[in-house]
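**Q** Encoded as structure tokens, here's the structure I'll be asking about.
The values are calculated or read from the model by the stated rules, or taken from the named source; none is laboratory data. Predicted model, so just to flag it, every value in this text is computed and none were measured. For neighbour counting, all protein chains shown are included, and Cβ atoms are generated from backbone atoms with ideal geometry for every residue, glycine included. Calculation scope for accessible area: heavy atoms of the full protein, side chains included, ligands and nucleic acids excluded. Shrake-Rupley method; radii C 1.70, N 1.55, O 1.52, S 1.80 Å.
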Amino acid sequence: MAQTSGPAGDADGTAVLVVGAGPVGLTAALELRRQDVSCRIVDRLPERLPYAKAVGVQPRTLEVWDRMGVVRAALEAAVPMRGQYVYVDGVERGRHDLVLPPEVPYGFAALPQYETERLLEEALARHGTRIERGTVLDAFEQDPDGVTVRLTGADGAGEALRTGYLVGCDGAHSTVRKGLGLAFEGGAFPEEYMLGDVEVDWDLPEGYGLRSVRLDETGAVDDVLVCIPLPGRRRYRMSMRVPPELSAGERTPGAAVAHGLDATRAPGLADIQAVLDRLAPRRTTASALRWASVFRISHRIVDRYGDGRVFVAGDAAHIHPPTGAQGMNTGIQDACNLAWKLALAVAGAASPALLASYDAERRPVGEEVVGRTVRHAAAGGVQADPEDPATLMLREAQLLVGYRGSPVVDPPDGGPGPGPGDRAPDCGGLTGPIAAYPVRLHDVLRDRPTVLLLHGTGYGSGAAAGRDELAATAWRATGGRVDVCAVLPPDAPSGTGPIPEHRDTGGEFAVRYAVDGTRPTAFVVRPDGYLGARLADPDPARLAAHLARVFAAPGGAA
């Protein structure tokens, strides 16, 4: 995938144009604006849709939102997802609790998609950028220096825009993907489903979802009801098979399935009640229907996540069954991965390999998610996966996503603990010389770009360079685009330079990162919260070699 790095010389004051203002596009725009990149975001819809489509928010997404400064708003608007009850042929077959290790800072949550969009849109507005609604991308052409875009605004007036980069977050029927000519291979499920946002009067414990199925004589699922809790009094987003009277009928062989919602055949409250009468674990009455729709499911993924100065993310790049609430969360992480790389490219500070690493890192993730959700959908849900339960839970929480083997992270170091390409785990118990309370590592990393994190004692002796020397190397190699912090063992002597220091008073950092306080170790933490390098006994040459994977040489061409 040929990529071009560096600013567009004749852009019309817009470094990046984001097409699509769903959760993925809003994440991309917000991350760009947080890093002072000029961008516009357009959406063909005249207003935000009031649909609770994607509702599951994974712990990893909450970590991303923490770094973006929007997690507090999300936690206040969401409800916890504590688990799911499973019924088969009217008999309870188990309760699956969503339990994670205590060091993981966030649990699972449920939040209607329109609320996710609201909080991201409000955060974006605080950075001075608003969605240009009713605006359609008509066409685009790119060249080595930028992208020429043709738009039609809400007033019907056309606009020719010159931008540095174009990001398509415009959904399963993406104009950007089609304009790039990307392959979008996959298949479709024959069944149609309906969604409804309703209240019920049952006594299911708060925070728990429901999956209730009936099997036919062969053991295959013949009828299904899935309920996910939403904010409000006994409110749920329910999905179920479409009754014959609402079905579109048999599909013509070879015809494509239109993935997504079809509001022209919206079910009514009576349709939902009929399914509850068949499948609810106890008699209940549905009321207060807020919206409903029929939808169909495809599973597809692009052959490339971009070309040149144009990229796709979210449903524009991958679509799959909603099993396990992976889609929106995967797309949000697409956007986060791409945005910090684009920010460096816009500044002319990206290495030649950096933008290409978006496809190298994110497309394998998309392929794994598509394959896993298709498998889970066919097998009867996440709980049917034979994987170790603890590992399964971490995977569904998207805490095992990693980029080992990426061209912009170091090779594995072979040691214990998290290595290059792995998520930087959180830990608590860090103290400073002034604050009377401990903080988390993610608190230290919040609102920072790439961070050089130094741990241990013994700098300046043996193979290790001094801390100040490593910091100077990082600043020199990146043009000052790296922050430097130290996490020291409780009894380590303080440094004399300007590097902020935190004490691993509780010993949690040493455990999570598998480090020996007597041996110096340096970690490079990327803006998306992943480790780019882990350097034991670090020296300036090794550190500079890693940073050259990511950053252009200061003063040189990107």
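**Q** Report Rg (one decimal) and Dmax (nearest whole number) for the stretch 1-132, counting Cα atoms only, units Å.
**A** In Å, with Rg to one decimal and Dmax whole: 18.6, 66.
**Q** I would also like to ask the following. Would you please classify the overall shape of the stretch 47-112 from the alpha carbon gyration tensor, given that a ≥ b ≥ c denote the square roots of the eigenvalues, rounded means a/c under 1.5, and beyond that prolate means a/b larger than b/c while oblate covers the rest? Write down the numbers at each step before the final one.
**A** Details: a/c = 3.50, a/b = 1.42, b/c = 2.47.
Oblate, since a/c reaches 1.5 and b/c is not below a/b.
**Q** With the Cα gyration tensor of the stretch 442-548 in hand, convert its eigenvalues to equivalent ellipsoid semi-axes via √(5λ) and list them largest first in whole Å. It would help to have the intermediate numbers written out before the result.
**A** Working: eigenvalues 72, 54, 32 Å².
Result for the stretch 442-548: semi-axes of 19, 16, 13 Å.
**Q** By how many nm would the segment from E245 to A139 lengthen if fully extended, with 0.36 nm per residue of separation less the alpha-carbon distance? Write down the numbers at each step before the final one.
**A** Working: separation 106, 0.36 × 106 = 38.16 nm, distance 3.95 nm.
Roughly 34.2 nm would be gained on extension.
**Q** Once you place label points 7 Å from the Cα toward the Cβ at T285 and E132, how far apart are they in nm?
**A** It is 5.1 nm.
**Q** Roughly how many nanometres apart are two label points built 7 Å out from the Cα toward the Cβ at F189 and D277?
**A** 2.5 nm
**Q** Now a separate question. Can you give the % of DSSP beta bridges in the chain that are antiparallel, to the nearest 5? All intermediate terms of the calculation are to be shown ahead of the outcome.
**A** On the way: 77 of 108 bridges.
DSSP beta bridges in the chain are roughly 70 percent antiparallel.
**Q** Taking the Cα-to-Cβ direction at A270 and at W475 and moving 7 Å from each Cα, how far apart do the two end points lie in nm?
**A** For the pair A270/W475, the computed spacing is 7.4 nm.
**Q** Moving to a separate point now. Checking a compactness column here: for the stretch 121-187, what do you get for Rg(Cα) / (2.2 N^0.38 Å), N being the number of residues?
**A** Values: Rg = 13.9 Å, N = 67, 2.2 N^0.38 = 10.9 Å.
The value comes to 1.28.
**Q** Shifting gears a bit: Okay, which of the stretch 110-153 sit inside 19 Å, backbone N to the point 7 Å along the Cα-Cβ direction of E47?
**A** Flagged as within label range: 112-122, 130-136.
**Q** Something else about it: Could you give the accessible area per residue of the chain, probe 1.4 Å, as a whole number in Å²?
**A** Working: 22130 Å² over 558 residues.
Heavy-atom accessible area per residue stands at 40 Å².
**Q** Also: Ignoring ligands, DNA and RNA, how do T61, T323 rank by accessible area with a 1.4 Å probe, largest first?
**A** T323, T61
**Q** Next up: Rg and Dmax in Å for the chain, alpha carbons only: what are they?
**A** Rg, Dmax (Cα atoms, Å): 24.6, 78.
**Q** Roughly what angle does helix 356-379 make with the longest principal axis of the chain, taking Cα atoms, 0 to 90 degrees, to the nearest 10?
**A** 30 degrees
**Q** Right, here's the next one. Determine the dipole magnitude for the chain: charges of +1 sit on the beta-carbon of Lys and Arg, -1 on that of Asp and Glu, nothing else is charged, the reference point is the Cα centre, and the result goes in debye to the nearest 20. Intermediate values should be presented prior to the final figure.
**A** On the way: 58 positive and 71 negative charges, 80 e Å.
Value, rounded to 20: 380 debye.
**Q** Give, in nm to one decimal, the length gained when the segment between D491 and A154 is fully stretched (0.36 nm per residue of separation minus the Cα-Cα distance).
**A** Working: separation 337, 0.36 × 337 = 121.32 nm, distance 6.31 nm.
Between D491 and A154, full extension yields 115.0 nm more.
**Q** Ignoring any ligand, DNA or RNA, what whole percent of the accessible area of the chain comes from carbon and sulfur when the probe is 1.4 angstrom?
**A** On the way: 11430 of 22130 Å².
Roughly 52 percent, rounded to a whole number.
**Q** Mind checking the stretch 51-135 for trypsin sites (Lys or Arg not before Pro) that DSSP puts in a loop (not H, G, I, E or B) and that have at most 14 other Cβ atoms within 10 Å?
**A** Working: sites: K53, R60, R67, R72, R82, R93, R95, R118, R126, R130, R133; in loops: K53, R82, R130.
Answer by residue number: R130.
**Q** Give the angle, between 0 and 90 degrees and rounded to the nearest 10, that separates the Cα long axis of helix 327-346 from the longest principal axis of the Cα atoms of the chain.
**A** 30 degrees
**Q** At a probe radius of 1.4 Å, what is the per-residue accessible area of H502, in Å² to the nearest 10?
**A** My reading of the accessible area for H502 is about 40 Å².
**Q** On to the next question. Note down the relative contact order for the chain as a percent, whole number, built from C-alpha pairs under 8 angstrom at least six residues apart. Don't skip to the answer; put the middle values down first.
**A** On the way: 1255 pairs, mean separation 89.9, N = 558.
For the chain, the relative contact order is 16 percent.
**Q** While we're looking at this one, here's another question. When the Cα atoms of the stretch 274-410 are enclosed in a convex hull and the volume is divided per residue, what value in Å³ results?
**A** Numbers: hull volume 22.1 nm³, N = 137.
Expressed per residue, the convex hull around the Cα atoms of the stretch 274-410 is 161 Å³.
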